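Asker: If you scroll down you'll find the structure; I have some questions about it.
The values are calculated or read from the model by the stated rules, or taken from the named source; none is laboratory data. Predicted, not measured: the structure shown is a model, and the values here were computed from it. Don't worry about glycine lacking a Cβ; one is built from the backbone with ideal geometry, like all the others, and counts go over all protein chains shown. The accessibility values were calculated without ligands, DNA or RNA, using every heavy atom of the protein model including side chains. Shrake-Rupley method; radii C 1.70, N 1.55, O 1.52, S 1.80 Å.
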Amino acid sequence: MASIEKRGTNSWRLVVEAGYDAQGKRIKRYKTIRVEDKALLRTTKKLQDYLEMELAKFKLQIETGEYQKPEKMAFEAFVHNEWLPKFAQRKYSPRTATIYQTHLKNHIMPVFANRYLDQIKTIHIVDFINSLEDKGLSNYTILYIYKVLKSIIDKAIEWKFIDKKQNPFEGVEQSKVPKKKMNYLDEVSAKGVIAALYNEPTVWRLYFLGCMLGGFRRGELLAVEWKHIDFEANTITIEQSIPQFDGSMPIVKKPKTEDSERVVIMPEWYMRELLAFQQDWEKRRNLHSNKWKDRQYVFCNESGGPYYYTTPTSTWRKFLKRNGFEHIRLHDLRHTAATLLIEAGADLKAVQERLGHSKYQTTADLYAHVTKKMSQETAKKLEKFDPRKATL
């Protein structure tokens, strides 16, 4: 037996009997239907046909065993028992997972922890986002928090803890973040920085030069071992990265994407300096052999282990300040590598492969300002063919 019960101005409850339990009581399954289409609400027959169709589908789901009774699960329980272990910790990088958990603890849990998943409504999320704006958080931070909460709700819907027709994110606008201006060193500034790096410890000179010349990410260079260096071919192979540490232990993993695994040809002069550094590295290892780590990280601390993942960033900032250079992020050296190559006439496809971008369009979009400048300079070379100038 199945029936339709009116519950509110635009909601109905579907009721389907599903046999009897062990005590002989009838088992009933319920499902609430909300109709938002105002035109449909005004047409009695079409509305009735729609509700009967939904009832028939609901009854079929129960009879075929496809229907799963919604579970009453609190938001906090779902996050810790389902979303974190079964999705976030498996799919996100350790660094991203840590940032997500920080936003959960500081912003999301205080508001949603004790709410049942199926009781979270659109207005609750709208009010939450507004409260973040009222606190004065940046658009970037609000967007990050938005993405964390949406990821959780999306999985709750996918895993049928929330009815997909009652998605609380429908009608919630994503926070807009102004596009960040890309910073990089032009040729003159780059030469000035390179000159100043020769007053720094060799290990840091080679590390920062590697970022600037090879376009490497911070974690990629930290994870480079001597086995990844080919002095005959003048190449550095990227096949691992250290994005974060777990306590005092480095987390060594595959690079950001499959295309990030690559072989990068470096300038001969850089490789000569790296070879000389290797000899000093060997002397240092022999001197501290009793505490030296087994793996042969090129850029390492006193015991042979890789530098802590934030150390290059803090060292770079100190270098800029000490030498009076304008601040740019360490990651901007990667943009510098690409910009200098493009301005020197390098093919955009070659730059894409050097940086390890998965898509050509990513490289084209990131460095559109450089290619536009190059196109303008190319067009200027054709000015000499202006017949009016030729007659002057």
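Asker: Using the Cα centre of the chain as origin and beta-carbon charges of +1 (Lys, Arg) and -1 (Asp, Glu), tell me which of 129, 323, 43 is placed farthest towards the positive end of the dipole.
Answerer: Checking the options against the dipole of the chain, the answer is 43.
Asker: Sticking with this structure for a sec: Mind checking the stretch 169-251 for GluC sites (Glu not before Pro) that DSSP puts in a loop (not H, G, I, E or B) and that have at most 15 other Cβ atoms within 10 Å?
Answerer: Qualifying residues, ordered by number: 170, 173, 232.
Asker: A further question on this structure: Which label belongs to the value computed from this structure, given these candidates for mean projected area of the Cα convex hull in nm²: (1) 21.2; (2) 17.6; (3) 34.0?
Answerer: Here mean projected area of the Cα convex hull in nm² agrees with entry (3).
Asker: What number comes out for accessible area per residue over the stretch 209-352 if the probe is 1.4 Å? Units Å², please.
Answerer: On a per-residue basis, 50 Å².
Asker: Spelling out what I want: for every residue of the stretch 100-117, take phi, set θ = phi - 60°, compute 6.51 cos²θ - 1.76 cosθ + 1.60 (Karplus), and round to whole Hz; glycine and proline get x.
Answerer: Rounded to whole hertz, the list is 4, 5, 5, 5, 4, 5, 7, 10, 7, 4, x, 9, 10, 3, 9, 7, 6, 3.
Asker: Provide, as a two-decimal number, the C-alpha radius of gyration of the stretch 169-282 over 2.2 N^0.38 Å, N being how many residues it has.
Answerer: In units of the globular-protein estimate, the stretch 169-282 measures up at 1.33.
Asker: Hey, another quick one. If you roll a 1.4 Å probe over the chain with all protein chains in place, what percent of the accessible area is carbon or sulfur?
Answerer: Within the chain, the accessible surface is 50 percent carbon and sulfur.
Asker: If I model the stretch 1-129 as equal point scatterers sitting on the Cα atoms and use the Debye formula, what is log10 I(q)/I(0) at q = 0.09 Å⁻¹?
Answerer: Evaluating at q = 0.09 Å⁻¹ gives log10 I(q)/I(0) of -0.44.
Asker: If you filter the stretch 33-114 for GluC sites (Glu not before Pro), then keep DSSP loop positions with at most 16 other Cβ within 10 Å, what is left?
Answerer: 36, 66, 71
Asker: Of the peptides 9-21, 111-123, how do they stack up when ordered by the mean number of other Cβ atoms within 10 Å, highest first?
Answerer: By packing density, highest mean first, the sequence is 111-123, 9-21.
Asker: If you average the alpha carbon positions of the stretch 1-78 and of the stretch 166-221, how far apart do those two centres end up, in angstrom?
Answerer: 54
Asker: Next question, about the same structure. Just need log10 I(q)/I(0) for the stretch 128-175 at q = 0.17, 0.23 Å⁻¹, Debye formula, equal scatterers on the alpha-carbon atoms, no solvent, rounded to two decimals.
Answerer: Each listed q maps to, in turn, -0.53, -0.81.
Asker: May I ask for the net charge around residue 185, where only other residues with Cβ less than 10 Å from the Cβ of residue 185 are counted and Lys, Arg are +1 while Asp, Glu are -1?
Answerer: -3
Asker: Ok, one more. Among the listed pairs 164/349; 38/150; 150/254, which have their C-alpha atoms separated by more than 32 angstrom in this model?
Answerer: 164/349
Asker: A further question follows. Any idea which of 60, 307, 30 is furthest toward the positive side of the dipole for the chain, if Lys and Arg beta-carbons carry +1 and Asp and Glu beta-carbons -1?
Answerer: 30
Asker: Turning to a different aspect of this structure: How large is Rg over Rh for the stretch 104-259, taking Rg from the Cα atoms and Rh as the Kirkwood inverse mean of 1/r across Cα pairs?
Answerer: Expressed as Rg/Rh, it is 1.13.
Asker: Rounded to the nearest 500 deg cm²/dmol, what is the calculated helix-only ellipticity per residue at 222 nm for the chain, with -39500 (n - 2.57) per DSSP H run of length n ≥ 4?
Answerer: About -14000 deg cm²/dmol.
Asker: Pairing the Cα long axis of helix 368-380 with the longest principal axis of the chain, what angle in degrees results, from 0 to 90 and rounded to the nearest 10?
Answerer: 50
Asker: For the stretch 87-208, with only Lys/Arg (+1) and Asp/Glu (-1) charged at the beta-carbon, what is the dipole magnitude about the Cα centre, in debye rounded to 20?
Answerer: Computed about the Cα centre, the dipole is about 300 debye.
Asker: For the chain, with only Lys/Arg (+1) and Asp/Glu (-1) charged at the beta-carbon, what is the dipole magnitude about the Cα centre, in debye rounded to 20?
Answerer: Using only the charged Cβ atoms, the result is roughly 960 debye.
Asker: Report the equivalent ellipsoid semi-axes for the stretch 151-204 in whole Å, largest first, defined as the square roots of five times the eigenvalues of the gyration tensor built from alpha carbon atoms.
Answerer: 52, 17, 6
Asker: Under 11 Å from the Cβ of residue 109, count the other residues' Cβ atoms, weight Lys and Arg +1, Asp and Glu -1, and hand me the total.
Answerer: That sum, taken over residues with Cβ under 11 Å, equals +1.
Asker: Then there is this: Are any of the pairs 227/321; 25/72; 46/121 more than 26 Å apart by Cα-Cα distance, and if so, which?
Answerer: Among 227/321; 25/72; 46/121, the Cα-Cα distance tops 26 Å for 227/321; 46/121.
Asker: Another question about this same structure. Where Lys and Arg each count +1 and Asp and Glu each count -1, what net charge lies around residue 215 among other residues with Cβ under 9 Å from its Cβ?
Answerer: Cβ neighbours under 9 Å give a net charge of +3.
Asker: Calculate one ³J(HN,Hα) per residue across the stretch 245-259 by plugging θ = phi - 60° into the Karplus curve 6.51 cos²θ - 1.76 cosθ + 1.60, and present them in order as whole Hz with x for glycine and proline.
Answerer: The phi angles translate into 10, 10, x, 9, 9, x, 9, 9, 9, 5, x, 3, 9, 4, 6 Hz.
Asker: Still on this structure, please answer the following. Using Cα springs under 10 Å in a Gaussian network model of the chain, which residue among 214, 356, 24 shows the largest mean-square fluctuation?
Answerer: 24
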